[in-house]
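Structure, as structure tokens:
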Amino acid sequence: MAIIDMHVHTDDSPDADIPAATLLARAAAEGLAGVGFVAHLDLNPDDYCYGGFNAEGYKRSLVRAEEKAQGTLLLRGIEVGEPHRFEDAAAKVADYSKFDFITGALHAVREGGMVLGPEAWGRSTPEEIIREYISETLEMTTTADMDVLAHFGLFRRGMAMAGLDTSFDETDLFPEEVDAVLGALIERKIALEVNTSGLRRLEKTTYPIPSVIRRYRQMGGRMITLGSDTHREPWVFYGLEEGRKLLLEIGFSEAYTFVNRTPESYSII
Ligand SMILES: [Zn+2]
Ligand SMILES: [Zn+2]
């Protein structure tokens, strides 16, 4: 399984607890070709990881991991929460030029707070909150300095926890809005992440759902990354093989990684 997992959190994030060196050794043992590490950089006070980014500590962790890399590719990334709102502040804490890739993530919508948990879903109709999420994702992908769009469709996690139906298809409900996001990714050469962490949750699907990935390909999009969103045991590198199969089924034969903020493709066949 020569996959590069482009979304792996280390114990440098407040919500994750495995050291980078341990994860890298584990990746080698499982036959991964590489690991793209990310640390949460959240400057949104609503976020659990708010203020938890320590640039120096994270750098040291990755240096320690690299010493034991034994041929497994190590890539340095950060996951910036709502970068379109906090970019100036983020740039003060992290020097983007020191990273291989910057992942932009929308965990909260402007008016309604975090969409990860059940609490956000009583404020308005689910359709309205999803629409807000997609439109704010467009704002993010058209303005923020980022290489990868994380978990587009993450709202299903909070919806499922709130007992709401997640079996809808946003390419039917909001076709123009979804196309606008995918078009912005293609135009700005931002990769679409296929995040496999939803496969183990109630909603049992990737973020984004397969029809969004299919639509992205139909529109000419090729830059896909695979990411497990690993945080802790027992869900280390979970779902990557299923994600890879899904990509092959949709017609992708390559996925992407980023080195020094430059995209590079590799075969997933
Ligand atoms: Zn995230
Ligand atoms: Zn993450």
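The values are calculated or read from the model by the stated rules, or taken from the named source; none is laboratory data. Given the structure is predicted, the values throughout are model-derived calculations rather than measurements. Glycine also receives a Cβ, built like all others from the backbone with ideal geometry; neighbour counts cover every protein chain displayed.
Within segment 180-195, the only residue that satisfies the criterion of being among the acidic types (Asp, Glu) and surrounded by fewer than 16 Cβ atoms within 10 Å (Cβ to Cβ) is Glu187. Listed by position, the helices (runs of 4 or more DSSP H) inside segment 144-231 whose residues that are on the phi < 0 side of the Ramachandran plot and in contact with a strand residue (DSSP E or B) (Cβ under 9 Å, 6 or more places away or on another chain) number at least 1 are 155-161, 175-188, 210-218. On the given criteria, is Phe237 among the aromatic types (Phe, Trp, Tyr) and within 16 Å of ligand 2 (Cβ to nearest atom)? Criteria met by Phe237.
Say whether the condition of being in a helix (DSSP H, G or I) and closer than 21 Å to Glu79 by Cα is met by at least one residue in segment 111-119. For segment 111-119, residues in a helix (DSSP H, G or I) and closer than 21 Å to Glu79 by Cα: absent. Report, by residue number, each residue of segment 126-164 that is over 24 Å from Val8 (Cα atoms) and among the small types (Gly, Ala, Ser). Within segment 126-164, Ser135, Ala162, Gly163 qualify. Figure legend. Inter-residue proximity from segment 61-90: first residues within 16 Å of Val8 (Cα to Cα) and at pLDDT below 95, second residues among the small types (Gly, Ala, Ser) and part of a loop (DSSP other than H, G, I, E, B), beta-carbon distance below 8 Å, spacing 6+ or different chains. Indicated pairs: Thr72/Ala33. Within segment 24-38, is there a residue that is hydrophobic (A, V, I, L, M, F, W, C), away from ligand 2 (no atom under 16 Å from the Cβ), crowded, with 23+ Cβ neighbours inside 10 Å and not in a loop (DSSP other than H, G, I, E, B)? Taking every residue of segment 24-38 in turn, at least one turns out to be hydrophobic (A, V, I, L, M, F, W, C), away from ligand 2 (no atom under 16 Å from the Cβ), crowded, with 23+ Cβ neighbours inside 10 Å and not in a loop (DSSP other than H, G, I, E, B).
Candidates in segment 196-225 are the residues that are over 20 Å from Gly104 (Cβ atoms) and aliphatic (A, V, I, L, M); of these, the one that is surrounded by the most Cβ atoms within 10 Å (Cβ to Cβ) is Leu199. Whether a residue is surrounded by fewer than 19 Cβ atoms within 10 Å (Cβ to Cβ), under 22 Å from Ile102 (Cα atoms) and hydroxyl-bearing (Ser, Thr, Tyr) was assessed, and Ser228 does not pass this test.
All of (1) among the small types (Gly, Ala, Ser); (2) away from ligand 1 (no atom under 13 Å from the Cβ); (3) without any contact (Cβ under 8 Å) to a residue 60 or more places away in the chain hold for Ala105 with one exception: (2).
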